[in-house]
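Heads up: the structure comes next, in structure tokens.
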Amino acid sequence: MMQHLDMALLSAFVERWQPDTNTFHMPFGEISILLHDVHHILRIPVDGELMGDEASQDTLKSDMGGLVRISVDAQVGGKWKSKWYDNSAMHAEGLLVRGGELKIKEMEVQCYLFVLLGSTLFVDKSRDRLRPAINLFLKDHRRLTDYAWRAGSLAYLYRQLGVATRAGSKGLCGCLTLLQAWIYEYFPLFRPSQLPQSPDAPRDSSWISPRLPGGDEARQRLVRYRQLLDELSADDVTWTPYGRDGHTDIPRSLYTSPIRFSDIVEGYDPARCLRQFGYRQIIPRAMTVPHD
């Protein structure tokens, strides 16, 4: 699932992430992943209700039992020697199989969407586990399009980037496809080859990401990427990759306030990245910080 990712490249950018401002700090100033980036790269909804539903761990665990119709303290069974619910997360592959076994169409769809979202937009570090909070927004299929999935996935990625910057932190999660495609859009130095596509298609599908070796070669790439980032100037950045007015169809991209996914609340301030809207950058105001 992650074979298309260049983890050395992502790690080099994570080292530049500042959690206090949710921006990458580069030699030329600040730049970030904004809501109109998510729109053009992934083509998922931006308008809608903030994804602010919360539940206790006990409630989430109970919900998981109701979803699979068995005790989540039991073993998954089959080829997996694991519990359904472990470390506050749900087993992904077993859930997909269980959805088909239930032979209830609504439950099968809910399990499928749960696994789909948990393996794309809201990826856990374990890679084979899903965050139960995702299911809070899947219970009523009629409301799926009511939520601001773009803002939710971006808030989640912001938080995971912040976690990855901490001393001793290992691994990176969140929508890494979004992060890598965003790097390709703005930084020509790191771009692979690109396929032609229709204007309405998700732009992440146009990039041909090569499978790169790990180990010593990955460490050598990381050193090279760090040097390239140190030497970057504003002229090396494609500030408006979707065209001069690429943000105008997404007025929410100019929204300034926290964005949210369940209990994750992150500040969003496009005024720190005005060059991504085609404007001259000014000294930004203080960041809006959630009280709780």
- Task: Can you run down the residue pairs with Cβ atoms below 9 Å, 6 or more apart or on separate chains, where the first is in region 192-207 and more than 14 Å from Pro241 (Cα to Cα) and in a loop (DSSP other than H, G, I, E, B) and the partner is among the small types (Gly, Ala, Ser) and open to solvent by 60 Å² or more (accessible area, probe 1.4 Å)?
- Result: Leu195/Ser205; Gln197/Ser205
- Residue set Ser11, Ser32, Ser62; condition closer than 20 Å to Asp263 by Cα and among the polar types (S, T, N, Q); output residue Ser62
- Message: Looking only at region 104-155, how many residues end up being hydroxyl-bearing (Ser, Thr, Tyr), closer than 29 Å to Lys81 by Cβ and under 16 Å from the mean Cα position of the chain (by Cα)?
- Response: 3
- Message: If Thr177 meets every condition in (1) more than 16 Å from Gly118 (Cβ to Cβ); (2) open to solvent by 10 Å² or more (accessible area, probe 1.4 Å); (3) in contact with a His (Cβ under 9 Å, 6 or more places away or on another chain) apart from one, which number is that one?
- Response: (1)
- Message: On the basis of being modelled with pLDDT under 90 and of a type in the set (Val, Ile, Thr), does Ile264 make the cut?
- Response: no
- Output for region 47-74, where each listed residue is buried (at least 20 other Cβ atoms within 10 Å of the Cβ) and among the β-branched types (Val, Ile, Thr): Val68, Val72
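The values are calculated or read from the model by the stated rules, or taken from the named source; none is laboratory data. Note that this is a predicted model, so its numbers are computed, not measured. Every residue, glycine among them, receives a Cβ derived from its backbone with ideal geometry; neighbour counts consider all protein chains shown. Remember, those area values only see protein heavy atoms, side chains included, never the ligands or the DNA or RNA. Shrake-Rupley method; radii C 1.70, N 1.55, O 1.52, S 1.80 Å.
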